[in-house]
1. Taking only pairs six or more apart or across chains, which ones have beta-carbon atoms under 7 Å, a first residue in segment 25-49 that is in a strand (DSSP E or B), and a second residue that is open to solvent by less than 30 Å² (accessible area, probe 1.4 Å)?
2. Taking the residues in segment 56-73 that are of a type outside the set (S, T, Y) and in a strand (DSSP E or B) as candidates, determine which candidate is farthest from I32 (Cα to Cα).
3. Looking only at residues that are under 17 Å from I90 (Cα atoms) and of a type in the set (S, T, N, Q) in segment 38-74, which one is least open to solvent (accessible area, probe 1.4 Å)?
4. Please determine whether any residue of segment 59-72 is without any contact (Cβ under 8 Å) to a residue 12 or more places away in the chain and of a type in the set (D, E, K, R).
5. The conditions are (1) modelled with pLDDT of 95 or more; (2) within 18 Å of V85 (Cβ to Cβ); (3) open to solvent by 90 Å² or more (accessible area, probe 1.4 Å); (4) not acidic (D, E), and R14 fails exactly one of them. Which is it?
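The values are calculated or read from the model by the stated rules, or taken from the named source; none is laboratory data. If you're wondering where the values come from, they're calculated on a predicted model, not measured in any experiment. Note that we place each Cβ from the backbone using ideal geometry, even for glycine, and neighbour counts take in every protein chain shown. Keep in mind that these areas ignore ligands, DNA and RNA; they rest on the heavy atoms of the full protein, side chains included. Shrake-Rupley method; radii C 1.70, N 1.55, O 1.52, S 1.80 Å.
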Amino acid sequence: MFNKKARSFSDLVREHLREQGLETPLLQRRLIEAWETVLGPTINEYTGERFIKNQTLFVKITNPALRQDLTMMRTQLVQRLNSAVGSQVIAEVKIY
């Protein structure tokens, strides 16, 4: 017989990750990896260290002109990166 309380496998996995405290680190990792996809390979060539701390993505950019351009696009970067992951992972981007 069909169980009316049946849930999809993806819902069960998501619930398990949340219970184990692994959902946030997984989403953060996906967002960091989405940097190249969202911004492209050219910008990624000038990208150094990337990490998330307190809902802020810190990104090291080695080209000063590009660093200035990306600093002015911070709000758009937050929206595009969060959209790429499908969740509100970061609230701010700091370019250094």
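1. As it stands, the answer is T47/W35; T47/V59; T47/I61, since those pairs meet every condition given.
2. Ranking the qualifying residues of segment 56-73, first place goes to I61.
3. Only one residue fits best here, namely T56.
4. yes
5. Here R14 clears every test but (1).
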